[in-house]
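Here's the structure we're looking at; comments come further down.
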Amino acid sequence: MAFPLEVQREAFLRPDRRCAYCGKELIWGSTQLKDRGAWHPHHRKAIVHSGTDLLCNCVLLCINRPQECHLKIGHGGDYKKNLILHDNDLPYLYHGDKYS
């Protein structure tokens, strides 16, 4: 499944507007690899492990080099084994009222 557009927009409108892993500034509408500030919404808890398409399970990760956090952290490392991104995996995670 994929996040509905309204969930993606709410996630993007959080005050930080940065990649939750590397802190890179993200730009709304930049969703192609070569776009400046390109990003991808990612499930913190995978759908196959009862994750949802709700805002509380959505985190934004950059998709540009050199970081490519969506592949590096979102589909690699510990996530690949556990299919869950924990708070300590995401140094730039927004902790406001809507997301914790």
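Values quoted throughout were computed directly from the atomic coordinates according to the rules given, and no laboratory measurement underlies them. Quantities reported herein were computed from a predicted structural model and do not represent experimental measurements. Here the Cβ positions follow ideal geometry from the backbone for every residue, glycine too, while neighbour counts run over all protein chains shown.
Data table
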quantity	calculated
Percent RCO, i.e. relative contact order, over the chain, from Cα pairs under 8 Å lying at least 6 residues apart	31
Local electrostatic count, A2, Cβ distance below 14 Å [Lys/Arg +1, Asp/Glu -1]	-1
Estimated FRET transfer efficiency (I84, R36; beta-carbon r; R0 41 Å; 0.05)	0.85
Helix-only CD estimate at 222 nm, as mean residue ellipticity for the chain, using -39500 (n - 2.57) per DSSP H run (n ≥ 4)	-4000 deg cm²/dmol
Largest-first principal axis extents, alpha carbons of the chain, Å	32, 28, 24
Relative contact order for the range 42-100, counting Cα pairs under 8 Å that sit 6 or more residues apart, in percent	33
Partners for K45 among lysines (Cα-Cα distance below 23 Å; same-chain residues under 8 apart left out)	K24, K72, K80, K81, K98
